[in-house]
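K.L.:
Take this structure, written in C-alpha cells, and hold onto it; I'll ask about it next.
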Amino acid sequence: VSTTVNNYNQYRSLREMIQKAGRCRLATLTTNYGGSMVYGPNGYFSSGRMPSDLSTYLKLINRSKKKIEEINIAENGAFVVVYDYYEFFHQGLPDKLVEVLSGVGKQDLVYSACFNLKGEWAVVTKKKSYASEGIQKHLDAAKGQFGKPRHCFFTENGISIICARGIYTHNVPQKLLDALDAISWKPTAVKFTDSGYFIISNDSEKCYYNL
C-alpha cells in the first residue's frame with residue numbers, strides 16, 4: 001500500500017496513519033517537508049510537502065516489492081532512500097555520501113544513511129561505519145560506550161546513535177530522552193526534529209512517537 005497526502009497539519013495525518021496501521025518500522029521527520037513512515041517491507045505513508053521525486057521513488061520501490069532499509073529528508077528537500085540491502089535513490093546528497101553508498105557491496109547491508117545542511121554525513125552498515133569528521137567523533141564515542149553502532153541519525157544540532165549495548169545521544173530534545181527512558185523495547189531507528197517531535201521504532205514495528 002502506498003499513500004501520499006498534502007496536509008497543512010503535516011504531523012497530524014502522519015500520527016493518524018500510524019494509529020490506523022498500528023505499527024511503524026521506520027520513519028523520517030522534517031520541519032519543512034513533513035514526514036514519512038514505513039510499515040511492512042515497503043508500505044509507506046507521507047504527509048506534508050514531500051519532494052515529488054521522493055514520492056515517485058517510494059512508489060517504484062513499493063511496486064517492485066523490495067524492502068525499504070532507510071529514508072531521510074533534509075530541511076531543504078534533499079533526500080536518500082536505501083532499499084534492497086544497499087541500493088539507493090537520492091537527490092541533493094553530499095558527494096562523499098553518494099560515493100560511500102555506491103561502494104557498499106552486495107555482501108553488506110546499509111542500516112542507516114544520514115546527512116544535514118552543514119554537509120555532515122554518515123553511513124552505518126552491517127560491517128562498518130563511515131562519516132564526516134565531526135560525526136565520526138560521535139560514532140567513536142558511541143562505540144566506546146555502547147559497542148558497535150547499528151543506526152545513526154542527526155539534525156543540524158543533535159545526534160542519536162543506536163549501538164549494540166545502548167543508545168548514545170548528544171544535544172537531543174529532552175522529550176526524546178524521556179521517551180527513550182520510558183520504552184521497554186530496543187529501538188532500531190530514532191528520528192527527531194530539533195523542536196522535539198520524534199518517532200522511535202524497531203524492526204518488529206513497535207513505535208513510540210511525539211507528533
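K.L.:
If we keep just the residues of region 57-88 that are aromatic (Phe, Trp, Tyr) and within 14 Å of the chain's Cα centre (by Cα), which is nearest to residue 193 (Cα to Cα)? Walk me through how you get there before you give the answer.
P.N.:
Taking region 57-88 as the starting set, the residues that turn out to be aromatic (Phe, Trp, Tyr) are 57, 79, 83, 85-86, 88.
From what's left, within 14 Å of the chain's Cα centre (by Cα): 79, 83, 88.
On the way: 79: 15, 83: 23, 88: 23 Å.
So the residue we want is 79.
K.L.:
Now for a different question. With the requirement that a residue be buried (at least 17 other Cβ atoms within 10 Å of the Cβ), farther than 21 Å from residue 151 by Cβ and in contact with a Lys or Arg (Cβ under 8 Å, 6 or more places away or on another chain), what does region 10-32 give you?
P.N.:
10
K.L.:
So, in region 19-49, exactly how many residues are among the basic types (Lys, Arg) and either touching a His at 6+ places or on another chain (Cβ under 6 Å) or outside any loop (DSSP other than H, G, I, E, B) (or both)?
P.N.:
From region 19-49, those among the basic types (Lys, Arg) are 20, 23, 25, 49; that's our starting set.
With either touching a His at 6+ places or on another chain (Cβ under 6 Å) or outside any loop (DSSP other than H, G, I, E, B) (or both) added as a condition, the list becomes 20.
Adding up the residues that qualify gives 1.
K.L.:
Sticking with this structure for a sec: Just checking, how many residues over region 73-127 are open to solvent by 30 Å² or more (accessible area, probe 1.4 Å), among the hydrophobic types (A, V, I, L, M, F, W, C) and either part of a helix (DSSP H, G or I) or over 19 Å from residue 163 (Cα atoms) (or both)?
P.N.:
4
K.L.:
I'd like to check something: does region 185-196 contain any residue that is over 17 Å from the mean Cα position of the chain (by Cα), surrounded by fewer than 21 Cβ atoms within 10 Å (Cβ to Cβ) and without any contact (Cβ under 8 Å) to a residue 24 or more places away in the chain?
P.N.:
Initial filter on region 185-196 (over 17 Å from the mean Cα position of the chain (by Cα)): 185.
Add one more test, that the residue is surrounded by fewer than 21 Cβ atoms within 10 Å (Cβ to Cβ), and what stays is 185.
If we keep only those that are without any contact (Cβ under 8 Å) to a residue 24 or more places away in the chain as well, we get 185.
Yes, region 185-196 contains a residue that is over 17 Å from the mean Cα position of the chain (by Cα), surrounded by fewer than 21 Cβ atoms within 10 Å (Cβ to Cβ) and without any contact (Cβ under 8 Å) to a residue 24 or more places away in the chain.
K.L.:
Just to be sure before I move on: is residue 58 among the aliphatic types (A, V, I, L, M), farther than 18 Å from residue 191 by Cα and outside any strand (DSSP E or B) in the structure I sent? Before you say what the answer is, go through the steps one by one.
P.N.:
Numbers: among the aliphatic types (A, V, I, L, M): yes; farther than 18 Å from residue 191 by Cα: yes; outside any strand (DSSP E or B): yes.
Yes; evaluated as a whole, the condition is true for this residue.
K.L.:
Take residue 203 and tell me if it is of a type outside the set (Phe, Trp, Tyr), open to solvent by 40 Å² or more (accessible area, probe 1.4 Å), within 22 Å of residue 25 (Cβ to Cβ) and in contact (Cβ under 8 Å) with a residue 24 or more places away in the chain.
P.N.:
Yes; evaluated as a whole, the condition is true for this residue.
The values are calculated or read from the model by the stated rules, or taken from the named source; none is laboratory data. What you are looking at is a predicted structure, and each value in this text was computed from that prediction instead of being measured. Because the Cβ atoms are built from the backbone with ideal geometry, glycine has one as well, and the counts that use them run over all protein chains shown. Quick note on the areas: whole protein, heavy atoms, side chains included, nothing else; ligands and nucleic acids left out. Shrake-Rupley method; radii C 1.70, N 1.55, O 1.52, S 1.80 Å.
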